[in-house]
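The values are calculated or read from the model by the stated rules, or taken from the named source; none is laboratory data. Remember, predicted model here, so these are calculated numbers, not experimental data. Please note: Cβ atoms are built from the backbone with ideal geometry, for glycine as well, and neighbour counts cover all protein chains shown. These accessible areas exclude ligands, DNA and RNA; they are computed on the full protein's heavy atoms, side chains included. Shrake-Rupley method; radii C 1.70, N 1.55, O 1.52, S 1.80 Å.
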Amino acid sequence: MSTPDHTASWVAVALVVLATVLVGGFGLRISRTTSDFYVASRTVRPRLNAAAISGEYLSAASFLGVAGLVLLHGPDMLWYPVGYTAGYLVLLVFVAAPLRRSGAYTLPDFAEGRLESLQVRRLVSILVVGAGWLYLVPQLQGAGLTLKILTGAPGWLGDVLVATVVTVAVAAGGMRSITFVQVFQYWLKLTALLVPALFLVLAWQGDGRPRVSFDDQFAVFRADHPLYATYGLIVATFLGTMGLPHVVVRFYTSPNGRDARRTTVAVLALVGLFYLLPPIYGALGRLYAPELRHGGDADAAVLLLPARVIGGLGGDLLGALIAGGAFAAFLSTASGLTMAVAGVITQDVLPSRGVRHFRLATVLAIAVPLAGSLLVSRVPVADAVGMAFAVSASSFCPLLVLGIWWRRLTPPGAIAGLLLGGGSALLAVAITVSGAVTPPGWPHALLAWPAVWSVPVGFLAMILVSLATPGRIPPGTNAAMTRFHLPEALTSARGAGRER
């Protein structure tokens with residue numbers, strides 16, 4: 001059995017790192033102001049922004065995790081890419097344009113501007129940082145797994161390398177810099193999966209098209225309350241996308257609300273195109289790397305298949321291309337998350353909001369998840385990211401939807417919903433990861449897929465407490481709602497009319 005050539009993989013990873021630094025350096029040359037660092041001065045056009053959002057959104061869970069879940073559990077796991085993609089449809093309908101019109105830099109900015117409450121802002125800041133760190137850990141661990149498998153390097157090296165490169169890219173040029181980096185990395189990731197997939201399918205046809213059987217998969221959804229688990233996944237992924245801090249912050253870079261909507265439509269196309277590919281690797285992995293189902297390394301299927309199926313120099317080169325694409329996945333998503341977390345730390349923790357303090361915040365934003373990735377045992381990347389989606393759906397989704405569309409939301413209502421919805425989902429995730437409750441049974445199902453109950457809890461708490469505190473409706477609510485829902489040209493005209 002052939003193995004990947006370590007030299008080719010090292011070269012591919014080194015080229016991706018070098019390209020990331022060089023492209024980021026280009027962004028640094030045109031980053032001049034604080035607005036450049038936070039939101040690229042709100043000048044990123046739809047096609048460029050869509051590729052950047054797709055680049056940071058398609059993480060380790062997409063590049064490695066979906067294929068690993070299909071290999072283990074079969075077609076039931078296709079709900080993951082469906083949910084990851086459809087979440088942008090919900091975001092398009094309810095959030096994209098009003099969120100851009102809010103004029104905020106970060107999600108805490110939006111919360112304070114809408115509810116005029118520092119308490120709400122601080123709570124949202126804590127949840128944004130927590131969700132960002134929860135999402136960052138599997139990116140770093142995925143990088144360690146990739147380098148370990150393809151180059152034989154120690155497992156910790158990938159974690160440290162990604163953290164270092166991300167710190168340099170984000171601290172150097174901020175949002176302006178990582179926009180160009182993420183656009184480059186989206187197209188690299190797509191190419192890195194598409195080209196080897198074509199050769200793998202041709203090799204499979206040359207073998208006589210052997211049948212892929214899923215009769216003996218580890219039937220998680222079927223054995224452990226399948227209907228409930230499926231709905232838990234759907235709710236988390238459909239509603240969690242709109243609250244992911246690294247996704248939300250990119251919509252602030254659009255010039256206006258109309259461009260934010262156009263960006264979302266383009267993202268749907270780009271993300272949908274990418275998700276056609278990982279299931280191919282998962283299905284072929286059951287044929288050519290069946291031992292991965294029992295060794296706890298199912299996420300490695302994408303990395304190992306070229307050597308197993310094609311072998312020789314061709315397998316080494318295709319494996320190196322995948323290694324570069326996988327590393328781009330970790331870098332792009334980690335960059336976006338670090339950018340979002342650093343923005344919140346700069347504005348809500350550090351004493352100043354200048355560029356120098358932003359760079360300090362970047363180091364803080366990556367240091368904690370790096371420590372977590374080195375100290376905590378590895379969780380399958382798609383599972384870990386799914387948990388982050390559940391927390392996001394239970395906290396930020398109610399805040400955004402009600403904050404944008406319901407005039408009667410009050411600060412006490414928002415705080416109650418964030419604590420009860422997001423807090424309960426976060427507690428459920430912590431118990432699941434700790435292994436305190438094991439399958440089968442309802443307790444494990446309810447904790448492993450909490451979004452089914454935690455999202456309604458978040459919405460109900462915000463609504464009921466807001467109705468009970470009608471005197472706490474912020475005085476600027478009507479002005480905020482007008483700004484969210486009227487096109488920028490009309491709000492500008494209204495302002496000009498009042499001035500005259």
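One table, with the values for the structure above:
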| quantity | calculated |
| --- | --- |
| Positive-pole candidate from Val124, Ala61, Ala153, dipole of the chain, charges at beta carbon | Val124 |
| Modelled FRET efficiency - R0 45 Å, Leu118 with Thr7, Cβ distances, 0.05 increments | 0.25 |
| Whole-percent carbon and sulfur share, accessible surface of region 93-135, 1.4 Å | 63 percent |
| Extension gain (nm, one decimal) between Arg407 and Leu486, 0.36 nm per residue minus Cα-Cα | 26.9 nm |
| Cα centroid of region 219-281 to Cα centroid of region 46-73, whole Å | 9 Å |
| Tail fraction, Cα-Cα pairs, the chain, threshold 34 Å, whole percent | 33 percent |
| Label-point separation in nm, Val93 to Thr164, each point 7 Å along Cα→Cβ | 4.7 nm |
| Surface share of carbon and sulfur [accessible, 1.4 angstrom probe, percent] for region 174-213 | 68 percent |
| Dipole of the chain [Lys/Arg +1, Asp/Glu -1 at C-beta], most positive-end residue of Trp449, Thr477, Pro46 | Thr477 |
| Helix 355-375 vs. the chain, principal-axis angle (Cα, 0 to 90°, nearest 10) | 40 degrees |
| Sparse-neighbour loop sites [chymotrypsin sites (Phe, Trp or Tyr not before Pro); region 258-336; at most 10 other C-beta within 10 Å; DSSP] | none |
| Residue-normalised accessible area of region 352-479, expressed per residue, 1.4 Å probe, Å² | 42 Å² |
| Shape call, region 322-445: gyration tensor on alpha carbons, a/c limit 1.5 | oblate |
| Degrees separating the helix 423-434 axis from the principal Cα axis of the chain, which is the longest one | 20 degrees |
| Rounded tilt (10° steps) of 451-468 against the dominant C-alpha axis of the chain | 0 degrees |
